[in-house]
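The values are calculated or read from the model by the stated rules, or taken from the named source; none is laboratory data. The shown structure was predicted, so the numbers you read here are calculated from the model rather than taken from an experiment. Note: ideal-geometry Cβ built from the backbone for every residue, glycine included; neighbour counts use all protein chains shown.
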Amino acid sequence: MKMRFLILSILLLMNFACKKESISDEPTNIIGEHFTYRLYDGLSENIILEIQTKLDDNYSRVLNDLGLSSMSNVIVRIWDDESNFLDDMESELGVRYTGSAGWVRGANDIRLLYRGNGTAQNALHEFCHCVSMIVNPQIPNNPRWLWEAIAIYESGEFVNPQSMSSLVNGNFPTLEELNSDFNNGNHSIYQVGYLLAEFIIENWGRDRFVALIRSNGNLEQTLEVTVIEFEEGWKNFVTTKYL
């Protein structure tokens with residue numbers, strides 16, 4: 001009797017292990033017109049509707065804003081387990097950006113950590129990165145301030161400057177500071193990225209904004225200003241409009 005119980009226990013443990021492995025390794029696939037969704041860690045297909053709606057509703061606008069008419073189907077991979085999400089990131093990039101909720105492997109490959117209702121917005125942010133990579137495959141984090149400003153602006157992630165004490169007090173970050181790596185702890189670009197893109201578009205127009213993406217943020221070549229002139233102009237723009 002004890003031997004039967006032992007064998008049964010071993011079989012149950014093996015079955016559980018297999019199920020856990022299948023949850024992580026065998027994703028659920030949902031194919032849409034513009035996006036293919038792959039769900040890991042046993043995520044339910046029910047989570048897709050909000051994400052799909054957000055992406056489909058903004059698909060044509062984002063492409064048009066950045067001067068494109070179409071692009072290939074984009075794979076959106078979503079994990080429920082943060083460790084699995086970070087393991088995938090480390091295997092692909094060789095680094096773990098703890099605290100990150102999404103990243104892109106390429107212009108047609110989005111990786112997300114499921115975070116409830118916020119996942120749809122994160123998906124849109126990452127999709128904007130994908131579109132900017134179609135415009136210029138060399139733009140990822142090159143420079144970082146522009147790479148993030150594009151996605152933040154196009155996904156509508158506005159942060160009111162009046163809520164940022166540093167800006168209220170006149171302490172604006174430099175572009176060099178905004179270029180610091182995510183793991184260095186300086187995440188200021190996520191607060192001011194919208195304002196940077198808005199400043200460029202309202203002063204030089206959207207065509208120049210796209211041209212700046214193509215030139216990897218070369219301000220002198222594209223906008224005919226130095227870095228210092230750009231930073232001073234941006235500060236005056238934000239102060240006049242919002243502060």
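List of remarks:
- Verdict on Asp87 being farther than 24 Å from Phe209 by Cα, surrounded by 15 or more Cβ atoms within 10 Å (Cβ to Cβ) and modelled with pLDDT of 95 or more: no
- Selected residue [in the same structural domain as Phe199 (by TED's automatic domain parsing) and under 20 Å from Ile51 (Cβ atoms)] from Ala123, Ala151: Ala151
- The stretch 142-157 residues that are more than 15 Å from Asp65 (Cα to Cα), paired with ones that are modelled with pLDDT under 95 (beta carbon under 9 Å, 6 or more apart): Arg144/Ser180; Arg144/Asp181; Arg144/Phe182
- The stretch 78-93 - residue that is without any contact (Cβ under 8 Å) to a residue 12 or more places away in the chain and either of a type in the set (D, E, K, R) or touching a Lys or Arg at 6+ places or on another chain (Cβ under 6 Å) (or both) and, of those, nearest to Asp181 (Cα to Cα): Glu90
- Failed item in (1) farther than 23 Å from Val210 by Cα; (2) part of a strand (DSSP E or B), with Val104 passing the rest: (1)
- Qualifying positions in the stretch 162-179 - of a type in the set (Val, Ile, Thr) and free of Cβ contacts under 8 Å to residues at least 60 places away in the same chain: Thr174
- The helices (runs of 4 or more DSSP H) located wholly in the stretch 124-243 that include 2 or more residues which are modelled with pLDDT of 95 or more, surrounded by fewer than 18 Cβ atoms within 10 Å (Cβ to Cβ) and among the small types (Gly, Ala, Ser) occupy 165-168.
Let's see how each residue does on (1) over 30 Å from Asn184 (Cα atoms); (2) modelled with pLDDT of 95 or more; (3) touching a helix residue (DSSP H, G or I) at 6+ places or on another chain (Cβ under 9 Å):
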site	(1), (2), (3)
Ala17	yes, no, no
Thr28	yes, no, yes
Ile47	yes, yes, yes
Asn64	yes, yes, no
Ile75	no, yes, no
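- For the stretch 41-64, a residue qualifies if it is free of Cβ contacts under 8 Å to residues at least 12 places away in the same chain and on the phi > 0 side of the Ramachandran plot, but none of them does.
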